[in-house]
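No value in this document is a laboratory result; all are computed from the given coordinates. Note that the structure is predicted; figures quoted are calculated from it, not measured. Positions of Cβ are generated from backbone atoms using ideal geometry, with glycine treated the same way; all protein chains shown enter the neighbour counts.
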Amino acid sequence: MKLPVRVFDPKVKQGFNRYLFQCSLATLALFLILTLEGAHLSKAIVIAAIASTAFVVFVTPHSTTATPRHVIGGHFICLAIGSAFSILDGTAIGQSILSATPILFDLEAALAVGLSIFLMAATDTEHAPAAGTALGVVAHNFSFGLVFFLAAGVVLLSITHVLLRSRLRDLL
């Protein structure tokens, strides 16, 4: 009896080398970003956002959300919003409010993501993984090292995408 469920997409068999090539590029790009930036686990949410961007760039390279406008624009908007909220947390007033009512942190994180989503949609820079950047910056707290890590990672992925786009195919 043959099961009606398939595990592998039939396109994988036909284009196995393409899948292997593009997924290897994503792995290499992430390895370089993580190694060069000295990333560690405290940046886990932000790293997840960058990893999700690598998926978009290398699995759906011809989609609108893989373009530099969306990748860089989306992450930079979310970085700015997350940083603004995080900087407010670092003030004496912010610390006293958050320590008195911890649920406000959850509200703040949700507002940072919601506002980021709105601004990405309003500026035509929608990039779903970037929403994780806003959340990650609020959760991690602002630092120039984090800003540099995000900016460098996003720009590196976009440069790689532009240089290799003609050799990449949509895998979905």
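By how many nm would the segment from residue 32 to residue 62 lengthen if fully extended, with 0.36 nm per residue of separation less the alpha-carbon distance?
8.5 nm
Label residue 84 and residue 23 with points 7 Å out from Cα along Cα→Cβ: what is the distance between them in nm?
4.0 nm
Computed on alpha carbon atoms, what radius of gyration and Dmax characterise the chain, expressed in Å?
Rg then Dmax for the chain, in Å: 18.3, 68.
Between residue 159 and residue 9, what is the FRET efficiency for a Förster distance of 25 Å, r being their Cβ-Cβ separation, to the nearest 0.05?
In this case the efficiency is close to 0.30.
With 10 angstrom as the radius, rank 158, 99 by how many other C-beta atoms surround their C-beta, starting from the fewest.
Ordered by Cβ neighbours within 10 Å, fewest first: 99, 158.
I'd like the per residue volume of the convex hull spanned by the Cα atoms of the stretch 89-149, given in cubic angstrom.
For the stretch 89-149, the hull spanned by Cα atoms encloses 91 Å³ per residue.
What distance in nm lies between label points placed 7 Å from Cα along the C-beta direction at residue 170 and residue 105?
Each label point lies 7 Å from its Cα, and together they span 4.1 nm.
Mind pulling the angle between the C-alpha long axis of helix 144-164 and the longest principal axis of the chain? Nearest 10 degrees, somewhere in 0 to 90.
That helix lies at roughly 20 degrees to the long axis.
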